[in-house]
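I have placed the structure first, in the form of structure tokens, so that the comments after it can refer back to it.
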Amino acid sequence: MLNTNPNTSQKKNPALAYLSRLGSSRSVITISNCLKHIAVILGASDIESADWAKLKRNHWTEIKKTLNEKGCSGAHKIFT
């Protein structure tokens with residue numbers, strides 16, 4: 001669904017930049033797991049290879065649809 005870029009650095013990867021700013025290690029683990037699942041939905045192999053900067057509204061719509069089909073919602077801790 002989304003082109004990936006294996007050479008994306010933390011400076012250019014908003015997901016990695018966000019993770020680096022989280023205060024607790026528990027938050028980093030939780031959000032990292034969520035982002036890994038979303039990256040896979042987008043067709044990337046991991047957080048680092050997803051080209052997050054190219055996400056558009058239709059991508060988020062597809063992510064939400066896919067998660068809903070799996071019985072997931074924002075209120076559930078589904079990615080552990």
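The values are calculated or read from the model by the stated rules, or taken from the named source; none is laboratory data. What you see is a predicted model; the values in this text were computed from it and never measured. When we count neighbours, we look across all protein chains shown, and the Cβ atoms used for this are built from the backbone with ideal geometry, even at glycine. To get the accessible areas, we keep the full protein, side chains included, count just its heavy atoms, and leave off ligands, DNA and RNA. Shrake-Rupley method; radii C 1.70, N 1.55, O 1.52, S 1.80 Å.
VAL28 passes every criterion in (1) open to solvent by 70 Å² or more (accessible area, probe 1.4 Å); (2) part of a helix (DSSP H, G or I); (3) not hydroxyl-bearing (Ser, Thr, Tyr) apart from (1).
The residues of region 38-60 that are within 18 Å of LYS70 (Cβ to Cβ) and either surrounded by fewer than 16 Cβ atoms within 10 Å (Cβ to Cβ) or touching a residue at least 60 places away in the same chain (Cβ under 8 Å) (or both), listed by number, are VAL40, GLY43, TRP60.
Counting only residues that are open to solvent by 90 Å² or more (accessible area, probe 1.4 Å) and part of a loop (DSSP other than H, G, I, E, B), region 9-25 holds 3 of them. For region 48-67, filtered to residues that are of a type in the set (S, T, N, Q) and assigned to a helix (DSSP H, G or I), the residue that is farthest from ALA17 (Cα to Cα) is THR66.
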